[in-house]
Amino acid sequence: MSGGMNAAKEAVDRAMEAVMGAAPGVSRDLVTRLQLARNILLENERKIWLRTKAGREMLDAFGEAASRLAEVAGSGSGPGEIEAALEEVELHAAKIYEEIRRRSMVVT
């Protein structure tokens, strides 16, 4: 697959490890939310449109947000800062999901 997809998956995996290893104040809910965002990537990694310019840009933005989440969680930040970074990852995952849904519509 493209480097964008691999980079995004690696970034979200690093973020997952960082969030799970973060301070005890980080709830299991944050890990579950990150897993849901990760699943959007995994379920759709073979979509051909992700190889287009628009798809690569979306994957790059997702990967950057996941990298920021890993940095925030790894730096010992509080749960509020981790949640804010996670919301950015979720926002990018939602954009990818919406584009997948839009492109999958079938006109009858």
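Looking only at the range 88-96, decide whether some residue is under 13 Å from Met5 (Cβ atoms), buried (at least 17 other Cβ atoms within 10 Å of the Cβ) and either in contact (Cβ under 8 Å) with a residue 12 or more places away in the chain or among the aromatic types (Phe, Trp, Tyr) (or both). Talk me through it step by step, then tell me what you get.
To start, the set of residues in the range 88-96 that are under 13 Å from Met5 (Cβ atoms) comprises 96.
Now narrow it down to the ones that are buried (at least 17 other Cβ atoms within 10 Å of the Cβ): 96.
Cutting the leftovers down to either in contact (Cβ under 8 Å) with a residue 12 or more places away in the chain or among the aromatic types (Phe, Trp, Tyr) (or both) gives us 96.
Yes, the range 88-96 contains a residue that is under 13 Å from Met5 (Cβ atoms), buried (at least 17 other Cβ atoms within 10 Å of the Cβ) and either in contact (Cβ under 8 Å) with a residue 12 or more places away in the chain or among the aromatic types (Phe, Trp, Tyr) (or both).
Taking the range 49-65 on its own, how many of its residues are without any contact (Cβ under 8 Å) to a residue 12 or more places away in the chain and of a type outside the set (Lys, Arg)?
Taking the range 49-65 as the starting set, the residues that turn out to be without any contact (Cβ under 8 Å) to a residue 12 or more places away in the chain are 52-53, 57.
Now drop any that are not of a type outside the set (Lys, Arg), which leaves 52, 57.
Of the residues in that region, 2 qualify.
Got a number for residues in the range 66-87 being touching a residue at least 60 places away in the same chain (Cβ under 8 Å) and farther than 13 Å from Gly21 by Cα?
Step one: filter the range 66-87 for residues touching a residue at least 60 places away in the same chain (Cβ under 8 Å), giving 82, 86.
Then keep just the ones that are farther than 13 Å from Gly21 by Cα; that gives 86.
Counting residues in the range 66-87 that are touching a residue at least 60 places away in the same chain (Cβ under 8 Å) and farther than 13 Å from Gly21 by Cα gives 1.
I want to confirm something. Restricting to the range 6-41 and keeping residues that are closer than 15 Å to Glu98 by Cα and among the hydrophobic types (A, V, I, L, M, F, W, C), which single residue is nearest to the chain's Cα centre (by Cα)?
Among those residues, the one meeting the criterion is Ala37.
Any read-out appearing in this document is the output of simple, stated calculations on the displayed coordinates, not a laboratory observation. These figures come from a predicted structure and were not determined experimentally. Using ideal geometry, Cβ is built from the backbone for each residue, glycine included, and neighbour counts are taken over all protein chains shown.
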